[in-house]
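Q: Below is the structure I would like to discuss, written out as structure tokens.
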Amino acid sequence: MPSEVAAVRRFNRTVTQRVGALSDHFLSRDRPLAMSRLLWEIGTEGAEIVMLRARLGIDSGQMSRMLRTLEADGLVVVSPSAADARVRVARLTEAGLAEREILDGRSDALAGSILEPLEPAQRGELVAAMRTVERLIASSLVELAQVDPESPDAQRCLRAYVAELNRRAPERGFDPRTGATAEPHEVRPPNGAFVVVYLRGEAVGCGAVKHHPGRVCDLKRMWVAESARGLGLGRRLLEHLEQLARDHGAEQARLETSDVLPEAIALYRSAGYAEVAPFNDEPFADRWFVKALGA
């Protein structure tokens, strides 16, 4: 263990120095890395303050100071959420979006400067190693917790889930109150279960099991935040929901999805789900899947 700890510390020193994390002018801009990272995390769609705090691992005081600085620079505005006035949301202004674009370009250039001196085989080795490091670190920081579907974290994830579906298919419009529903009483024990995925303490995903008579269950409301995709969390969540269904005695799992979610369709197929005829009246769905749950 001591030699492994030393290796991790050496790795941390090398990375922080190489990417300029110690500079007060990260990527040659007039702010340190933490401030630039906050602009990235707010993203083009905006983000709830409580989620930003969890994602960056900072307390409310530091978050308030950082947001005030960015607001004073004309890069960010903070306002109540349209869905829940009790929730504050940070959004980038036009100037903030332009600054984020500059940061993206300079970040790409920095990454290129790391890769450019290496031979092709070395570049492939480095990128593969980075992916492995990211995946393993994320795995050590992930928790899947069964929560009440009306808890703040569950509701936060569900709002993001609905917003993404409507963003991807605005002409169709997704209404979770119609069709194949997953109302709180339908996914609360003993009728079901609701799970939230936490990464570094932040709620970054959700999913639910809805039990039916006849040893059948529906998997519902599966969603992983864009900031946490590519880490295998979707598959881990799917397997967890399947196990909850098995524990309840289900022998078959069903789910429906839309063609606007090709990543989800690919995940379900790779996990052994077979496409079948529609088994419910969900208006937003284009495809229906079934999987036999083994022991």
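The values are calculated or read from the model by the stated rules, or taken from the named source; none is laboratory data. Computed from a predicted structure; not experimentally measured. Note that we place each Cβ from the backbone using ideal geometry, even for glycine, and neighbour counts take in every protein chain shown. Heads up: the accessible areas ignore ligands, DNA and RNA and are worked out on the full protein's heavy atoms, side chains in. Shrake-Rupley method; radii C 1.70, N 1.55, O 1.52, S 1.80 Å.
Q: Which cysteines does the chain leave without a neighbouring Cys Cβ under 4.7 Å?
A: Isolated Cys, the chain: 217.
Q: Run the helix sum for the chain: -39,500 (n - 2.57) per DSSP H stretch of 4+ residues, divided by residue count, reported at 222 nm to the nearest 500 deg cm²/dmol.
A: -14500 deg cm²/dmol
Q: When only Cα pairs under 8 Å and 6 or more residues apart are kept, what is the percent relative contact order across the chain?
A: 12 percent
Q: I would also like to ask the following. Let me know the whole percent of all Cα-Cα pairs from segment 36-133 that are separated by more than 19 Å.
A: Of all Cα-Cα pairs in segment 36-133, 53 percent lie more than 19 Å apart.
Q: Enumerate the calculated ³J(HN,Hα) couplings along segment 78-93 in order (Karplus 6.51 cos²θ - 1.76 cosθ + 1.60, θ = phi - 60°), each rounded to whole Hz, writing x wherever the residue is Gly or Pro.
A: Each residue of segment 78-93 in turn: 10, 8, x, 5, 5, 7, 8, 4, 6, 9, 8, 10, 9, 9, 7, 7 Hz.
Q: Can I ask one more? Per residue, what volume in Å³ does the convex hull of the Cα atoms of segment 180-248 enclose?
A: 92 Å³
Q: For the chain, with a Gaussian network of springs between Cα atoms less than 10 Å apart, report the residue from 264, 129, 274 with the top mean-square fluctuation.
A: With Cα springs under 10 Å in the chain, the top fluctuation among 264, 129, 274 is at 129.
Q: Could you work out which residue, out of 283, 32, 120, moves most in a Gaussian network model of the chain, that is, has the largest mean-square fluctuation with Cα springs under 10 Å?
A: Of 283, 32, 120, the Gaussian network model singles out 120 as fluctuating most.
Q: Please list log₁₀ I(q)/I(0) at q = 0.14, 0.18, 0.25 Å⁻¹ for segment 109-165, using the Debye equation with identical point scatterers on the alpha-carbon positions.
A: Summing over Cα pairs of segment 109-165 leads to -0.67, -0.76, -0.98.
Q: Where in segment 153-178 does the amide nitrogen come within less than 17 Å of the point 7 Å from the Cα of residue 286, taken along Cα to Cβ?
A: Only 164-175 pass the distance filter.
Q: Taking 7 Å along the Cα-to-C-beta vector as the label spot, tell me the residue 145-residue 34 distance in nanometres, rounded to one decimal.
A: In this crude label model, residue 145 to residue 34 measures out at 2.4 nm.
Q: Quick one: Cα centre-to-centre distance for segment 136-157 and segment 240-295, in angstrom?
A: 21 Å
Q: In segment 1-72, carbon and sulfur make up what percent of the accessible area (probe 1.4 Å)?
A: On segment 1-72, the fraction of accessible area on carbon and sulfur atoms equals 53 percent.
Q: Separate question: With no solvent and one point per C-alpha, what does the Debye sum give as log10 I(q)/I(0) for segment 106-226 at q = 0.15, 0.18, 0.19, 0.22 Å⁻¹?
A: The Cα Debye sum returns log10 ratios of -0.80, -0.95, -1.01, -1.19.
Q: Kirkwood Rh over alpha-carbon pairs of segment 164-295, then Stokes-Einstein at 25 °C and 0.890 mPa s: what D in µm² s⁻¹, rounded to an integer?
A: Using the Kirkwood radius from Cα pairs, D works out to 163 µm²/s.
Q: Over segment 159-232, what percent of the accessible surface lies on carbon and sulfur atoms, probe 1.4 Å?
A: Of the solvent-accessible surface of segment 159-232, carbon and sulfur hold 52 percent.
Q: Excluding ligands, DNA and RNA, what is the solvent-accessible area per residue of the chain at a probe of 1.4 Å, expressed in Å²?
A: Here the per-residue accessible area is 54 Å².
Q: Apply 1/(1 + (r/R0)^6) to the Cβ-Cβ distance of residue 78 and residue 11, taking R0 = 30 Å, and write down the FRET efficiency to the nearest 0.05.
A: 0.25
Q: Bin all alpha-carbon pair distances of segment 12-70 at 10 Å intervals from 0 and give each bin's fraction as a whole percent.
A: 21, 50, 28, 1
Q: Report, as a whole number in µm² per second, the diffusion coefficient that Stokes-Einstein gives for the chain at 20 °C and 1.002 mPa s using the Kirkwood radius over alpha carbon pairs.
A: 100 µm²/s
Q: Return the sequence-ordered ³J(HN,Hα) values of segment 214-225 in whole Hz as given by the Karplus equation 6.51 cos²θ - 1.76 cosθ + 1.60 applied to θ = phi - 60°, using x for Gly and Pro.
A: Once θ is set to phi - 60°, the couplings for segment 214-225 become x, 6, 10, 9, 10, 9, 10, 6, 6, 7, 10, 4 Hz.
Q: While we're on this one: What does DSSP give for the chain in terms of the percent of beta bridges that are antiparallel, rounded to the nearest 5?
A: Around 90 percent antiparallel, to the nearest 5.
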